[in-house]
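The values are calculated or read from the model by the stated rules, or taken from the named source; none is laboratory data. Computed from a prediction, not measured in an experiment: that's the story for all the values here. In this analysis, Cβ positions are derived from the backbone assuming ideal geometry, glycine residues included, and neighbour counts consider all displayed protein chains. Areas reflect the complete protein model, heavy atoms only, side chains present, ligands, DNA and RNA absent. Shrake-Rupley method; radii C 1.70, N 1.55, O 1.52, S 1.80 Å.
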Amino acid sequence: MSIPRPALFLDRDGVLNEDPGYVHRWEDFHWIPGAREAVAAFNAAGWWVFVVTNQSGVGRGYYAEDDVIALHARMSESLDEVGARIDAYYYCPQHPDAQVDVYRHPDPPDRKPNPGMLLRAISEWPVDLSRSLMVGDKDSDLQAAARAGVRALHFTGGNLAEFLKAEVVVA
């Protein structure tokens, strides 16, 4: 068993990338300034880095799970260019009003503000919960973190690396 390490939980759309709505193609993906550098800094400091993202566009029939997986693979390739990595991606395609039956659920446990994705990461990786952090741009992100027992920061835009440098001592 590995020694527990702190984890950085990151919402995707609006924190790692610009969020014009339902981003699922690489050509529509644009990194938030400082996002790749922030991931690299936390990697270098020995933190786990996880993406936890609601992807209701799958349930709404706008795109497929394969599109989400392909986009995450492209994100990982782009991060690799700067010596950074995401240790695991967690996404929730379910939604109460999903048009695709298999994704319709009245209260999906993984859909933020529910903490399912964070709890799954915590159960699958040796996470030091007391030192971990969630960064989100919506109230639902912050609520999911609170329900999982993770400290949260509300990112409202700008340079993610500079924001985190001002808020967190990474050591």
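For region 1-56, a tally of residues being open to solvent by less than 10 Å² (accessible area, probe 1.4 Å) and among the polar types (S, T, N, Q) returns 3.
Confirm whether Phe155 is modelled with pLDDT of 95 or more, more than 20 Å from His24 (Cα to Cα) and open to solvent by 20 Å² or more (accessible area, probe 1.4 Å).
Criteria not met by Phe155.
Among residues of region 37-64 that are touching a residue at least 24 places away in the same chain (Cβ under 8 Å), those with a Cβ under 9 angstrom from a residue that is open to solvent by less than 10 Å² (accessible area, probe 1.4 Å) and basic (Lys, Arg), sequence gap 6+ or separate chain, pair up as Val51/Arg12; Val52/Arg12; Val52/Lys112; Thr53/Arg12; Thr53/Lys112; Asn54/Arg12; Asn54/Lys112; Gln55/Arg12. Of all the residues in region 118-148, those that are more than 18 Å from Leu160 (Cα to Cα) and either part of a loop (DSSP other than H, G, I, E, B) or in contact with an Asp or Glu (Cβ under 7 Å, 6 or more places away or on another chain) (or both) number 3.
What is the residue count in region 1-19 for residues that are farther than 14 Å from Leu129 by Cα and part of a loop (DSSP other than H, G, I, E, B)? Steps first, please.
Going residue by residue through region 1-19, those that are farther than 14 Å from Leu129 by Cα are 1-2, 10-19.
Within this subset, residues satisfying the condition of being part of a loop (DSSP other than H, G, I, E, B) are 1-2, 11-12, 14-16, 18-19.
Residues that pass the stated criteria total 9.
Considering every residue within region 90-111, establish whether at least one is hydroxyl-bearing (Ser, Thr, Tyr), open to solvent by 50 Å² or more (accessible area, probe 1.4 Å) and not in a loop (DSSP other than H, G, I, E, B). There is no residue in region 90-111 that is hydroxyl-bearing (Ser, Thr, Tyr), open to solvent by 50 Å² or more (accessible area, probe 1.4 Å) and not in a loop (DSSP other than H, G, I, E, B). Residues that are part of a loop (DSSP other than H, G, I, E, B), in contact with a strand residue (DSSP E or B) (Cβ under 9 Å, 6 or more places away or on another chain) and closer than 18 Å to Leu8 by Cα within region 20-35 comprise just one, Ile32. Scanning region 33-57 for residues that are touching a Ser or Thr at 6+ places or on another chain (Cβ under 9 Å) and among the charged types (D, E, K, R) yields a total of 1.
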